[in-house]
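Have a look at the structure below, then the notes.
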Amino acid sequence: MGEKKRAVAIDGPSGAGKSTLARAVARKLGFRYVDTGAIYRSVGYFAFSKGVAPSDWEAVMKLLPEISLEISYDGDGLQHMSINGRDVTREIRLPEISMYASRVSAIPAVRDFLMETQRSMARTHDVIMDGRDIGTVVLPGADVKIFLTATPEDRAMRRYLELKERGTPQDYNKLLTEIRERDYNDSHRSAAPLRPAEDAVVLDTTGNTFEQSFQLLLRTIEERL
Ligand code: DC
């Protein structure tokens, strides 16, 4: 504590490889990786588990005082999420929760509710934080801001291969439609829409291997820190 902590903000659309790349780079630099999507997913999951529709803003807002979120890290730097003492790390990755998270994240009260949780992590640790509005809203003073993107087709293909590998294949066209729908929701909402910060470096990873994107991201961050 004491000295100023360093912060790297990584924003971009879903499926651009933000979390895998950010985690790998954080490990390499000895920073803490903060996945803010997981925080929104936890709220989405809570609404889902209570049978509350994400389009019902009033009902979602009423749930917020009931939520106590905890973020912890295991030895591998993997982020775990708990709600009211229950570990939901796995559940928040269910496909139906992606859309719930995207919908509840459009509610300004939800964004306000999660702001301090995110900022407090950056006060106590050197962080690489990924999300949609980290460089624009959560950490506008971040030392490095990256906007990581790739074409929707490339992102849908990555997701397709990932699910196939996991033994839970899904139709490529369905995944592409979902990615487009989430892109639209995330960038057209009025509260903190997805967009690059003016001082962000835009990195397009279309067609790259993981190693190529990893080196590109690491170099970009190291040069600026
Ligand atoms: O990164 P992800 O796909 O796990 O995020 C899930 C949803 O949460 C995403 O569709 C938009 C929302 N989100 C957000 O609005 N702001 C953030 N900083 C992170 C995620």
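Every number here is computed from the coordinates shown, using simple stated rules; none is lab data. All of these numbers come straight from a predicted model, not from anything done at the bench. We place every Cβ from the backbone using ideal geometry, glycine too, and count neighbours over all the protein chains shown.
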Starting from residues that are within 12 Å of the ligand (Cβ to nearest atom) and outside any helix (DSSP H, G or I), keep the ones in the stretch 171-192 and report whichever is nearest to Pro108 (Cα to Cα).
Ala191
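Would you mind finding the one in Ser55, Ser102, Ser49 that is under 15 Å from the mean Cα position of the chain (by Cα) and of a type in the set (Gly, Ala, Ser)?
None of the others qualify; the one that does is Ser102.
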Condition first: within 16 Å of the ligand (Cβ to nearest atom), surrounded by 12 or more Cβ atoms within 10 Å (Cβ to Cβ) and assigned to a loop (DSSP other than H, G, I, E, B). Can you find one or more residues in the stretch 205-222 that meet it?
yes
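Taking the stretch 25-62 as the region of interest, how many residues are in a helix (DSSP H, G or I) and surrounded by 18 or more Cβ atoms within 10 Å (Cβ to Cβ)? Working first, answer last.
Here is the first cut: in the stretch 25-62, the ones in a helix (DSSP H, G or I) are 25-29, 36-49, 57-62.
If we keep only those that are surrounded by 18 or more Cβ atoms within 10 Å (Cβ to Cβ) too, we end up with 25-26, 36-48, 60.
Selection size over the stretch 25-62: 16.
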Collect the residues in the stretch 89-130 that are closer than 13 Å to Leu64 by Cβ, touching a Gly at 6+ places or on another chain (Cβ under 9 Å) and more than 11 Å from the ligand (Cβ to nearest atom), keeping them in residue-number order.
none
For the stretch 77-112 the number of residues that are touching a strand residue (DSSP E or B) at 6+ places or on another chain (Cβ under 8 Å) and either at positive phi or charged (D, E, K, R) (or both) is 3
Look at Gly15 and say whether it is crowded, with 21+ Cβ neighbours inside 10 Å, in contact (Cβ under 8 Å) with a residue 12 or more places away in the chain and assigned to a loop (DSSP other than H, G, I, E, B).
yes
Look at Asp143 and say whether it is closer than 21 Å to Gly30 by Cβ, touching a residue at least 60 places away in the same chain (Cβ under 8 Å) and among the acidic types (Asp, Glu).
yes
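Residues are listed down the side, and each one gets a yes or a no for (1) over 17 Å from Ile128 (Cα atoms); (2) away from the ligand (no atom under 11 Å from the Cβ); (3) touching a Gly at 6+ places or on another chain (Cβ under 6 Å):
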residue	(1), (2), (3)
Ala24	no, yes, no
Gly30	no, yes, no
Thr36	no, no, yes
Ile39	no, no, no
Val52	yes, yes, no
Ser72	no, yes, no
Gly77	no, yes, no
Given (1) closer than 23 Å to Arg27 by Cβ; (2) touching a helix residue (DSSP H, G or I) at 6+ places or on another chain (Cβ under 9 Å); (3) among the acidic types (Asp, Glu), where does Glu162 come up short, assuming only one miss?
(2)
Reported set for the stretch 77-92 where residues are surrounded by 16 or more Cβ atoms within 10 Å (Cβ to Cβ) and hydroxyl-bearing (Ser, Thr, Tyr) is Thr89
Positions within the stretch 63-76 being touching a residue at least 12 places away in the same chain (Cβ under 8 Å) and exposed (fewer than 14 other Cβ atoms within 10 Å of the Cβ), in sequence order:
Glu66, Ser68, Tyr73
Residues of the stretch 129-162 classified as of a type in the set (A, V, I, L, M, F, W, C) and either loosely packed, with under 15 Cβ neighbours inside 10 Å or assigned to a loop (DSSP other than H, G, I, E, B) (or both), total
4
